[in-house]
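The values are calculated or read from the model by the stated rules, or taken from the named source; none is laboratory data. Keep in mind it's a predicted model, so treat the numbers as computed, not measured. Note that we place each Cβ from the backbone using ideal geometry, even for glycine, and neighbour counts take in every protein chain shown.
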Amino acid sequence: MSNKMKTHKGAKKRFKTTGSGKLTRRQRNLNHFNEKMSSRHKRRLTGPTLVDPADESRIKKLLSS
């Protein structure tokens with residue numbers, strides 16, 4: 001009997017797959033110490049960015065269900 005791979009729930013919450021199969025993630029440095037950061041800097045960090053190709057295969061393995 002073969003066991004199914006389960007989706008890693010932590011990865012599921014952090015990464016989304018685009019239509020072409022690439023992975024997006026949130027940018028770092030927006031959780032704390034934001035008071036001293038300029039609004040321009042905080043604005044620049046909003047919105048998703050792509051996962052580095054070197055890490056993509058590892059994360060896709062976690063997301064495979």
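Could you tell me whether R26 is at pLDDT 95 or above, basic (K, R) and exposed (fewer than 10 other Cβ atoms within 10 Å of the Cβ)? Taking the combined requirement at face value, the residue does not satisfy it. Scanning region 1-45 for residues that are assigned to a helix (DSSP H, G or I) and not basic (K, R) gives G10, A11, S39, H41, L45.
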